[in-house]
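Just so it is clear, none of the values below were taken in a lab; they were calculated from the coordinates. None of the values given here were measured: they were computed from a predicted structure. With ideal geometry, Cβ positions are generated from the backbone for all residues, glycine too; neighbour counts draw on all protein chains shown.
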Amino acid sequence: MQKKFSFLLAVWVFGVGDFNLFSTEVAKVGETTISFDAVQQTIARQGYNLADEASLRKGLDEAVRFELLAAEAKKLGLENDPTITRQIKELLVQRLVTEKIDKPLASYRATPVEVQAYFAAHTNDFRRPALARGTVITIFFGQGAEAEAQSKAAMALQELKATLKPDAVVRAYADDPGEKVNGGMSNFFIEGEQSRRYPQPVADAMLGLKLRGDTAGPIATPRALYLIKLAERRDAQPMPYEQVKAEIYKRLQHEQREKMLAAFCEDLKKEFPVTVNEARLKTALPKPTGQGAPPPAPFDSP
């Protein structure tokens, strides 16, 4: 055995001899053989020294241990565990998709004409979003105090429209301590993105204003009213074709992959018929709770 290991080590390190030796059996666990290639892979995975016999033996010990544990797991029937079965299926599906879809797809590349046509048909996908920021005044109200809040908002809005110094109006009317500190000036609201500080209706309203000094409000949420005044706006800007061309190639390749996968699955249905029990499927749908309206937005706080 010592001589066999030394010879195999020489083949591995110096690259001499018959390369079929990499499939040579170097050990057995029950009826399972362990090849020199399996030992080498174990060594590489464990990060052992790739140039000495000690590493070769450590790799063999690891490979033997793996096969021992695998044999015991199989004896105990663990391969029939639903979780294990699902994981095996997932690995099989990944390998199948790689062989039948991803490898053939590697040679696919959309033509420049297809890319330009996609760009022309999806202009809204390739633009820098509109930005807007300005003064925001938050007026909170509790249950039964809506009328008082509306009256306060009406006065604040009138002053907000007339003044060139909206921070003074903020200090006089805002119930949000943070707004009093920063004069009510918001960060930029970004088209298509959720604001971290304010409810979406406030963001939408600010982005809807066109001219500096334009105002809007009161914007009502379950527990607050908001007044806004535009300070700065940047309209959406189309992105140049050359800048987005690479992204379009990726999108078209992804679309082609989805088409190939869908067609492949449709062909498989001819061999493996699919039936759906619609009645049972509907019983799996969640039942409505009927417990009233959803809770107020997390942005509003007294």
Label assignment, Rg and Dmax of the Cα atoms in Å derived from the structure, set (i) 19.8, 68; (ii) 33.6, 97; (iii) 19.0, 58
(ii)
Picking from Ala38, Ala174, Ala132, which is most flexible by a Gaussian network model of the chain using Cα springs under 10 Å?
Ala38
Show me, for segment 87-93, the HN-Hα J-couplings you get by feeding each phi into the Karplus relation (A = 6.51, B = -1.76, C = 1.60, θ = phi - 60°), rounded to Hz, glycine and proline as x.
5, 5, 4, 4, 5, 5, 5
Sum of -39500 (n - 2.57) over DSSP H runs of 4+, divided by residues of the chain (222 nm, nearest 500)
-16000 deg cm²/dmol
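Just list whichever of Lys89/Lys259; Lys74/Lys287; Lys28/Lys89; Lys103/Lys245; Lys74/Lys100 have alpha carbons separated by over 32 Å in the model shown. It would help to have the intermediate numbers written out before the result.
Working: Lys89/Lys259 22 Å; Lys74/Lys287 42 Å; Lys28/Lys89 28 Å; Lys103/Lys245 23 Å; Lys74/Lys100 30 Å.
Where the Cα-Cα span goes over 32 Å, the pairs concerned are Lys74/Lys287.
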In whole Å, what is the distance between the alpha-carbon centres of segment 233-253 and segment 124-177?
35 Å
Ranked by how many other beta carbons lie within 10 Å on average, peptides 145-153, 89-97, 196-204 from highest
196-204, 145-153, 89-97
Using only the alpha-carbon atoms, how far is helix 2-14 inclined from the longest principal axis of the chain? Give it as 0 to 90 degrees, nearest 10.
50 degrees
Pairing the Cα long axis of helix 112-121 with the longest principal axis of the chain, what angle in degrees results, from 0 to 90 and rounded to the nearest 10?
30 degrees
Let me make sure I get this right: for segment 127-237, a, b and c are the square roots of the gyration tensor eigenvalues over alpha carbons, sorted descending. Under 1.5 in a/c it's rounded, otherwise prolate if a/b > b/c, else oblate. Which is it?
prolate
Report the residue, chosen from Leu164, Leu68, Leu268, that carries the largest GNM mean-square fluctuation when the chain is represented by alpha-carbon nodes joined by springs under 10 Å.
Leu68
Sorted by average packing, counted as other Cβ atoms within 10 angstrom per residue and highest first, what order do 220-226, 106-112, 39-45 take?
220-226, 39-45, 106-112
Under a GNM of the chain (C-alpha, springs under 10 Å), which listed residue has the highest mean-square fluctuation: Ala156, Ala70, Ala121?
Ala70
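Using Cα-Cα distances under 8 Å and only pairs 6 or more residues apart, what relative contact order does the chain have, in percent?
Numbers: 328 pairs, mean separation 54.4, N = 302.
Normalised by residue count, the contact order of the chain is 18 percent.
Given Cα pairs under 8 Å that are at least 6 residues apart, what percent is the relative contact order of segment 147-302?
Values: 111 pairs, mean separation 32.1, N = 156.
Relative contact order for segment 147-302 comes out at 21 percent.
Given Cα pairs under 8 Å that are at least 6 residues apart, what percent is the relative contact order of segment 127-237?
On the way: 212 pairs, mean separation 49.5, N = 111.
This gives 45 percent for segment 127-237.
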